[in-house]
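The values are calculated or read from the model by the stated rules, or taken from the named source; none is laboratory data. Computed from a prediction, not measured in an experiment: that's the story for all the values here. Methodologically, a virtual Cβ is constructed for each residue, glycine included, from the backbone with ideal geometry; neighbour enumeration extends over all protein chains shown. Keep in mind that these areas ignore ligands, DNA and RNA; they rest on the heavy atoms of the full protein, side chains included. Shrake-Rupley method; radii C 1.70, N 1.55, O 1.52, S 1.80 Å.
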Amino acid sequence: MRSKRRIWLTAALATSAVAGVLVFEGVTGNSSVDADAKSGPAKADVHATALKVDGDGTSATLGKRDTKPFSMLGITWTDPAAKVTGAVEVRTRSAANGNWTSWLPLETEVDGRTETGRSGVRGSTEPRWVGPSNGVEVRINAGGKVSAKLPAGLRLDTVDPGRSGTLNADPAAFAADIPAADPSADPSDPAATEPPAPNDSTEPPAEVIPSDPASPSPSDTATVEPAPPVSPSPSAPASSPPAATLPPAPPSTVPKPPITSRAGWGADESMSPEAPEYTDTIKAVFVHHTAGTSDYSCADSAAIVRSVYAYHVKSNGWKDIGYNFLVDKCGTIFEGRKGGVDRPVFGAHTYGFNRQTAGISVIGTYTDSAAPSAVTTSVARIAAWKLGQYKGNPAGSTMLTAGATGSNLAGTKFTAGTQYSFKQISGHRDGFATECPGTKLYGQLPAIRSLAAGPVTGLAIKSVTGAGLSGTTYYTKSTVTVGWSATTPSAFISKYELLVDGKSVATTTGTATSAKATPAVGSHQVQVRATHQSGKVTTSAAATVVADQTAPAFTTKPNLALRTGTVNTTAVPVTLKWKATDAASLKEVRLTAPLAKTYGPTTTSASHTAKSGVATSWAMTAYDQAGNTAAASVSGTPVIVQESSATKTGTWTTKSSSSYLGGKSYSSSSKSASLSWTFTGRSVALVASRAATSGQVYVYVDGVKVSTTDLKSSTTKYRDALWTKSWSSSAKHTVKIVVVATSGRPTVTTDGIVYLK
């Protein structure tokens, strides 16, 4: 590198040297604050082997052969403007298990003119990462037409990415030389004898073919050197006076994403000694894919970037890697062409539109498979940051001047020197007739623009903890934690704010998913506001939160009463009744003793059983939605009084059975025979045996007839409480039953009464 900096303005078209491109020698911008200081350069090498072309020039091959390990390969040819029609396919042998792959296609939609004007620039396929391999075979078919001649100078270039203590891990494979040619190759074949492109440098030519292809060996394989630097055009304007440093890079309106520097991925800077070139601004970014395969380990990404770098420089003859940035499938961003990630570095990525643009290439192929969210997120972040340095709008459009005449995949024709409208985040196919960046990834560009430009999407409140939910309203008595989510990745979100009635009460980072608030007593509208890195603001739908510190109330205190049902000494049927209310919203009422039960806010009674002769306390707690509580209880003792304790009139017969309370009961069919019991309590039940032939009784309470009760039942029942009466408080009462002597079924059988005290 020269000791003094030199600046000049080139006058060539926007291919490699484009009008308005500044070339700075001896200086670079900010490569990246994320450079790995422990990394060292890796000596990547490219090795070339000529292909055998058939007699009519429409097909070419390289026979199956053993090789030393390699990890990336591609096919190149002499004329960068030439095209290969038809199929270019390779297959390789895994160095790990010795298995051969199926035939793998190589992408041929590459315009080799991207850096024409340089000595030794070649046409090429896209390089393909194949991983650790030690064998190869190549076949090319121009499409079956004799007129579809293959370009001259066809060769296989294999890449050794070299070792480097870089990102994550060393590369998985380290390629070496490949034997020069198929042993059966015809030495007179034009591809095998074509001289290298003219070179005004004393450096070795870009392509060297062994003189004896019949005896291939590793030492016969040509090592490809980078093309020599290009001198300024003699017709270029006079250079500006030397300056000590570059002017400061413009700050971006959005945060810079993490970027792995060239040092971080192990770039061998001696491979591309030329000074970087700069344009005056960045008006758009073009998204690419490297093609090849997406089936790679992200631990190999640095080695893949080094391989692409070596292929672009040593195989294509470019001054440096063509892309400004590369992104692997895990979302890691790599610095591409040198000159400073914060500078408008002039790249070689989109023929005719390299000026005032940056190229971002995703490692892999995305024709049939969509890029993962890690990729779209990183592409959007680097695009937004780069455009943000020049007041660009990731969702907007801009005018670009064509640096060459051509057309894009949609058929739009471009004329050099004419301006055309482009999305500020465009795909390679928008500027050139190629499938790049793949149909699926191209279809994701609108989503990438939305991520980069904002606003935050999918923002919604997902939870309000510390509060009870009733319908669509939350109730709390103190502090709540509001949780939210958004579909926009957190990397694009500057901050979140929690709003209560439109006022910010808490501010968090863009990675947060919750915040706390303590609203005053009353009803409030709670929202979340997200600020995108672009400054655009999104506010969620509101959630109603009611702060309530008033406890619920039992407007009807819990009370007990006997109910109908089968009576046992350990299980007397009772009914528990209550009523609870709340000023805001009652949630539930819980029975906590003598057993645990939970009842909804509208339930006011429940059936239970209680043990005879045992005083039982029934404890209840009412809860409102905010968590306020109120407690109440009632106690009661069921008492069984058997028939033998009654005052009798008329004829009664004692009957014995284990089915009766106490093992005995009274039975009578005499009209007007009676039994009466006197007790002190607040509820009473008549207990009898019932059958299809059972008769009726008159029931008197405190001397007043209150019921005619029929004991008839289609099924036989014992100890059945079939008539009950309750009072609001405990008092002394007398219950009397009188036999009706119903015609055809005069008999009644009674087991006594139960009362509740």
ask   = Going through the stretch 425-440 one residue at a time, which ones are of a type in the set (S, T, N, Q) and surrounded by 24 or more Cβ atoms within 10 Å (Cβ to Cβ)?
value = S426
query = Just for the stretch 386-403: of the residues that are of a type outside the set (K, R) and buried (at least 22 other Cβ atoms within 10 Å of the Cβ), which one is farthest from the chain's Cα centre (by Cα)?
reply = G403
query = Do we find a residue being within 30 Å of E107 (Cα to Cα) and either surrounded by 15 or more Cβ atoms within 10 Å (Cβ to Cβ) or not aliphatic (A, V, I, L, M) (or both) anywhere in the stretch 452-464?
reply = yes
task = Please enumerate the residues belonging to the stretch 259-308 that are of a type in the set (S, T, Y), outside any loop (DSSP other than H, G, I, E, B) and under 28 Å from S102 (Cβ atoms).
result = S301, S307
query = Taking the stretch 441-451, which residues are buried (at least 21 other Cβ atoms within 10 Å of the Cβ) and either of a type in the set (S, T, N, Q) or more than 19 Å from V285 (Cβ to Cβ) (or both)?
reply = Q444
key: Unique residue being surrounded by 16 or more Cβ atoms within 10 Å (Cβ to Cβ), over 23 Å from T637 (Cα atoms) and among the basic types (K, R) when the list is R682, R690   = R690
query = Looking at S504, S523, S534, which one is small (G, A, S), part of a loop (DSSP other than H, G, I, E, B) and farther than 30 Å from S605 by Cα?
reply = S534
note = Heads up, the strands (runs of 3 or more DSSP E) in the stretch 663-713 (entirely inside) with at least 1 residues that are β-branched (V, I, T) are 674-690, 696-701, 704-710
request  = Determine whether the stretch 642-659 contains at least one residue that is open to solvent by 70 Å² or more (accessible area, probe 1.4 Å), closer than 16 Å to A721 by Cβ and touching a residue at least 12 places away in the same chain (Cβ under 8 Å).
outcome  = no
ask   = If only one of D430, D368 is acidic (D, E) and over 26 Å from the mean Cα position of the chain (by Cα), which one is it?
value = D430
ask   = Which pairs do you get when a residue that is within 30 Å of W385 (Cβ to Cβ), found in the stretch 464-492, comes within reach of a residue that is hydroxyl-bearing (S, T, Y) and open to solvent by less than 30 Å² (accessible area, probe 1.4 Å), reach meaning Cβ atoms under 7 angstrom, with the pair 6+ apart or on two chains?
value = W484/S540; P489/T377; A491/T377
remark   = Of the listed residues (D710, D720, D702, D751), the one being among the acidic types (D, E), over 60 Å from the mean Cα position of the chain (by Cα) and farther than 27 Å from A571 by Cβ is D702
Filtered residue count, the stretch 292-320, keeping only those that are open to solvent by 10 Å² or more (accessible area, probe 1.4 Å) and over 30 Å from L246 (Cα atoms) = 9
note = Every listed condition ((1) closer than 28 Å to R118 by Cα; (2) open to solvent by 10 Å² or more (accessible area, probe 1.4 Å)) holds for D54 save (1)
request  = Go through the stretch 739-757 and give me each residue that's aliphatic (A, V, I, L, M) and farther than 19 Å from T693 by Cβ.
outcome  = I753, V754, L756
request  = Note down all Cβ pairs under 7 Å where the first residue falls in the stretch 518-534 and is farther than 21 Å from S485 by Cα and open to solvent by 50 Å² or more (accessible area, probe 1.4 Å), the second is modelled with pLDDT of 95 or more and of a type in the set (A, V, I, L, M), and they're at least six residues apart or on different chains.
outcome  = A520/A547; V521/A547; S523/V546
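Yes/no per residue for (1) closer than 30 Å to S730 by Cβ; (2) open to solvent by 60 Å² or more (accessible area, probe 1.4 Å); (3) of a type in the set (D, E, K, R); (4) outside any strand (DSSP E or B):
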| site | (1), (2), (3), (4) |
| --- | --- |
| K495 | no, yes, yes, no |
| W578 | yes, no, no, no |
| A583 | no, yes, no, yes |
| V589 | yes, no, no, no |
| L595 | yes, yes, no, yes |
query = So which pairs qualify, if the first residue must be in the stretch 620-633 and free of Cβ contacts under 8 Å to residues at least 60 places away in the same chain, the second must be β-branched (V, I, T) and assigned to a strand (DSSP E or B), the Cβ gap must be under 9 Å, and the two must be at least 6 apart or on different chains?
reply = T621/V589; T621/T592; T621/T629; A631/T592; A631/T621
message = So the check is Cβ under 8 Å with 6+ separation or different chains; which pairs have a first residue in the stretch 289-304 that's of a type in the set (F, W, Y) and a second one that's surrounded by fewer than 24 Cβ atoms within 10 Å (Cβ to Cβ)?
response = Y296/G131; Y296/K329
remark   = With the first residue restricted to the stretch 716-739 and required to be under 25 Å from S672 (Cβ atoms) and outside any strand (DSSP E or B), and the second required to be among the basic types (K, R) and at pLDDT 95 or above, Cβ contacts under 6 Å at 6 or more apart or on different chains are none
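To keep it simple, each residue is scored yes or no on (1) touching a strand residue (DSSP E or B) at 6+ places or on another chain (Cβ under 9 Å); (2) open to solvent by 10 Å² or more (accessible area, probe 1.4 Å).
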site: K64; (1), (2): yes, yes
site: I75; (1), (2): yes, no
site: P80; (1), (2): yes, yes
site: K83; (1), (2): yes, yes
site: V88; (1), (2): yes, no
site: L104; (1), (2): yes, yes
site: E109; (1), (2): no, yes
site: S124; (1), (2): yes, no
site: V130; (1), (2): yes, yes
